[in-house]
Amino acid sequence: MPSTVWSRVALISLGGFFEFYDIFFAGYIALGLVRSGILAPTGMAGGIAGFVAAMFSGLFVGTALVSFVADHFGRRTVFTYSLLWYTVASVIMAFQHHAFGLNLWRFISGIGVGVELVTIDTYLSELVPANLRGRAFAVNQAIQFCAVPVVALFAWILVPRAPLGLDGWRWVVLLGAAGAIFVWWIRRRVPESPRWLAERVKRASPAIPRPSFSEMWRPPYRTRSIMLIVFHLFQTVGFYGLSNWVPTLLIARGIAITSSLRYTFIIAIAAPFGPLFAAAIADRLERKWQIVLSAFAIAVAGLFFGQMTAAGLLIFFGVLLTLGNNILSFSSHAYQAELYPTRIRALAVGFVYSWSRISVVFSSFVIGFVLNRFGVPGVFTLIAGSMLIVMLAIGMLGPRTNNLALETISQ
């Protein structure tokens, strides 16, 4: 029944809320880490870029090398234990006093988050009927993106302070660990993926070939895999170029740290609304064109944002950037999960998605370099160029998926 479907989407999305909280707090607590003397504002391993790189290195390992476990042990089991994994790692990270320990536990946390990201995508695509898939991912990401204004608000209130003698950034991290409280409650209320269960029965037959990594490099999946790798290499420049760097970019404009965090919070309020606004057309406008149009919007809004100095205009174009990024996010998460068969869905999605994680590792250093050499306008010129490549890759190579059964798409 539809109500049952939507309750399951909501429960899975609640788990994803804490995953998004964990991903996005990096940009909001970075200034607090500098204030506490743990990180330098620039530099490699001991700077903000190194902290961002540690998380996304862990995400790369989780998505590329570990996410296949969801194909072997089931979506529900891996959904549960990966959430516990990164929650515990984040708590330990919150009590580190040196850059090495901070980055080490951020890396370990990233492994769990990477597995969770892929598992949620595969889980949702297999639980929801074809005619609701786009809207389900829109609702899913709207709930998950509620974590962005929450973490931005906590950072605005706590990062400049030290409640009970504990640095404010540590409180921001620890508050996100509340996700562990909900793990077993969610687990008891969501079923295992019926498609995964059917696939496990099929694998028991000796006449059925075992799923393998090589399958994603055979037609029709080879073109899809190449397309998604190119997409993920460049989409992260726009998406994380904003979320991880916007407080720093505002400070580069001469805005004080407190005002920067306040503006960032206002911009972050828009995060859940991108998917909600697009939910009405999520199953009407072909998925690939949703991605292309949102990438175009990011490029245009970014170029304007890079030129602004007035607070009102910075916030306005920052909100447009946020809406475009989050429509791009839910559309692409739905799209990539539709393009592979159940037997290799987590493996294949994890591998292509991992390229976005390694891209962030390198692009964070590239953005830092461009910011130093060419300023804020240079950063958003870089973002616009990356979005053009995204538009070409998906627009030219992407197949249709809307309102088609997963089995039809995979054939």
Looking for something in a helix (DSSP H, G or I), modelled with pLDDT of 90 or more and under 17 Å from residue 18 (Cα atoms) - is there at least one such residue anywhere in the stretch 32-48?
no
Hey, can you tell me all the residues within the stretch 388-411 that are at pLDDT below 95 and not in a loop (DSSP other than H, G, I, E, B)?
406, 407, 408, 409, 410
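Condition check ((1) of a type in the set (Val, Ile, Thr); (2) under 30 Å from residue 193 (Cβ atoms); (3) touching a residue at least 24 places away in the same chain (Cβ under 8 Å)) across all residues:
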residue	(1), (2), (3)
3	no, yes, no
10	no, yes, yes
25	no, yes, yes
35	no, no, yes
74	no, yes, yes
105	no, no, no
Here's a check for you: in the stretch 294-321, which residue that is among the polar types (S, T, N, Q) and open to solvent by 70 Å² or more (accessible area, probe 1.4 Å) is farthest from residue 381 (Cα to Cα)?
309
Could you tell me which numbered condition residue 260 fails, if it satisfies all but one of (1) modelled with pLDDT of 95 or more; (2) open to solvent by less than 20 Å² (accessible area, probe 1.4 Å)?
(1)
Quick one: count up the residues across the stretch 20-40 that are of a type in the set (Gly, Ala, Ser) and open to solvent by less than 20 Å² (accessible area, probe 1.4 Å).
4
Within the stretch 107-191, which helices (runs of 4 or more DSSP H) (wholly inside it) include 1 or more residues that are under 16 Å from residue 11 (Cβ atoms) and open to solvent by 10 Å² or more (accessible area, probe 1.4 Å)?
133-145, 179-187
Looking at 17, 73, 95, which one is open to solvent by 10 Å² or more (accessible area, probe 1.4 Å) and under 16 Å from the mean Cα position of the chain (by Cα)?
17
Matching entry among 327, 344, 266, 291 (being of a type outside the set (Ser, Thr, Tyr), part of a helix (DSSP H, G or I), open to solvent by 10 Å² or more (accessible area, probe 1.4 Å) and within 30 Å of residue 68 (Cβ to Cβ)):
327
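Every residue, every condition in (1) modelled with pLDDT of 90 or more; (2) touching a strand residue (DSSP E or B) at 6+ places or on another chain (Cβ under 6 Å); (3) not hydrophobic (A, V, I, L, M, F, W, C), yes or no:
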position: 106; (1), (2), (3): yes, no, yes
position: 110; (1), (2), (3): yes, no, yes
position: 126; (1), (2), (3): yes, no, yes
position: 129; (1), (2), (3): yes, no, yes
position: 135; (1), (2), (3): yes, no, yes
position: 143; (1), (2), (3): yes, no, no
position: 156; (1), (2), (3): no, no, no
List pairs: first residue in the stretch 343-370 and of a type in the set (Ser, Thr, Tyr), second residue surrounded by fewer than 22 Cβ atoms within 10 Å (Cβ to Cβ) anywhere in the structure, Cβ distance under 6 angstrom, at least six positions apart or on different chains.
354/64; 359/233
Considering each residue of the stretch 394-409, count those that are under 16 Å from residue 297 (Cα atoms) and open to solvent by 10 Å² or more (accessible area, probe 1.4 Å), and give that number.
1
Any chance the stretch 162-173 includes a residue that's more than 23 Å from residue 68 (Cα to Cα), in contact with a Leu (Cβ under 8 Å, 6 or more places away or on another chain), aliphatic (A, V, I, L, M) and modelled with pLDDT of 90 or more?
yes
Positions within the stretch 352-374 being modelled with pLDDT under 95 and hydrophobic (A, V, I, L, M, F, W, C), in sequence order:
355, 358, 360, 361, 362, 365, 366, 367, 369, 370, 371, 374
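The values are calculated or read from the model by the stated rules, or taken from the named source; none is laboratory data. Quantities reported herein were computed from a predicted structural model and do not represent experimental measurements. Note: ideal-geometry Cβ built from the backbone for every residue, glycine included; neighbour counts use all protein chains shown. Remember, those area values only see protein heavy atoms, side chains included, never the ligands or the DNA or RNA. Shrake-Rupley method; radii C 1.70, N 1.55, O 1.52, S 1.80 Å.
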